[in-house]
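Below: one structure, written as C-alpha cells.
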Amino acid sequence: MSPRFSDFERFADELARLRGRMRALYADTRAQSGLAEMELTVLTAVVNAATPPTVAQIGRSLGHPRQVVQRAANRLAALDLIDFADNPDHKRASLIIATDAGRALKAADHDRAQAVTTDILARIDGEMFADAADRLQEIRQGIETYLRARDR
C-alpha cells in the first residue's frame, strides 16, 4: 500500500472520528432545542441562507437526499418554525422561510453553542481551526471538481 493511500485512509478515519466528536460536543445544545439533528440542520440552513432556499438546494448543499430534508422541513413547518412560500422560478419547489419562532429557536441554540465553542477555544488554539478549515476547504473543492468531472 502506498503511503499516499494510507494517508488518505487515515484522513478519512480522522474525519469520521471528528464528526462523531463534534456531534457529541454539541449534543446537549441540540437536545435543548427539542429538535432532531436533521431538523436543526435544516432550520440552520434556512435561517443562515442569504435568500430563501428550496428543499433540493439544502439537500445538495449538505449532501443529504431531498426526501430526508423534506421530512425535516415538514416537521419544522408543523411546529411553525418555517413556512413554505411560492417560488417564482419553479412551480413545485417551494421556498423555505423561517418564522419568527424559528429564528428565535435558532438564536437560542446558537447562544448555547457559542458557550461550548468558547470553552473549546480556551483549550485549543483557534489558529489550528483556521488552518484546518482552509485545508479542508481545499480538499472539499478538489473532491467536488473530481465528482463533477466524473459525473459528466
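One residue stands out among those in region 42-59 that are out of contact with any helix residue (DSSP H, G or I) (no Cβ under 8 Å at 6 or more places or on another chain) and part of a helix (DSSP H, G or I): the one that is farthest from LYS106 (Cα to Cα), which is GLN57. Here region 98-152 is the region considered, the condition is being in contact (Cβ under 8 Å) with a residue 60 or more places away in the chain and of a type in the set (D, E, K, R), and the residue that is nearest to VAL42 (Cα to Cα) is LYS106.
In region 21-30, the count of residues that are assigned to a helix (DSSP H, G or I), of a type outside the set (A, V, I, L, M, F, W, C) and touching an Asp or Glu at 6+ places or on another chain (Cβ under 7 Å) is one or more.
Figure legend. Inter-residue proximity from region 22-38: first residues closer than 17 Å to GLN114 by Cβ, second residues surrounded by 14 or more Cβ atoms within 10 Å (Cβ to Cβ) and small (Gly, Ala, Ser), beta-carbon distance below 6 Å, spacing 6+ or different chains. Indicated pairs: TYR26/ALA113; THR29/ALA113. Looking across region 60-75 at every residue that is under 10 Å from the mean Cα position of the chain (by Cα) and in a helix (DSSP H, G or I), the one that is surrounded by the fewest Cβ atoms within 10 Å (Cβ to Cβ) is identified as SER61.
Looking only at residues in region 116-152 that are at pLDDT 95 or above and part of a loop (DSSP other than H, G, I, E, B), the one that is surrounded by the fewest Cβ atoms within 10 Å (Cβ to Cβ) is ARG123. Selection of first residues in region 41-67 that are without any contact (Cβ under 8 Å) to a residue 24 or more places away in the chain and of second residues that are charged (D, E, K, R) and part of a loop (DSSP other than H, G, I, E, B), restricted to Cβ pairs under 9 Å at least 6 apart or on distinct chains, gives an empty result. What pairs come out if I take residues in region 1-14 that are closer than 15 Å to ILE139 by Cα and pair them with residues that are surrounded by 10 or more Cβ atoms within 10 Å (Cβ to Cβ) and not hydroxyl-bearing (Ser, Thr, Tyr) whose C-beta lies under 9 Å away, six or more apart or interchain? Qualifying pairs under 9 Å: PHE11/ILE139. Do we find that ALA24 is within 30 Å of GLN141 (Cβ to Cβ), of a type in the set (Gly, Ala, Ser) and surrounded by fewer than 10 Cβ atoms within 10 Å (Cβ to Cβ) in this structure? Taking the combined requirement at face value, the residue satisfies it.
The values are calculated or read from the model by the stated rules, or taken from the named source; none is laboratory data. Keep in mind that this is a model prediction, so the values were computed, not measured. Positions of Cβ are backbone-derived with ideal geometry, glycine not excepted, and every protein chain shown enters the neighbour counts.
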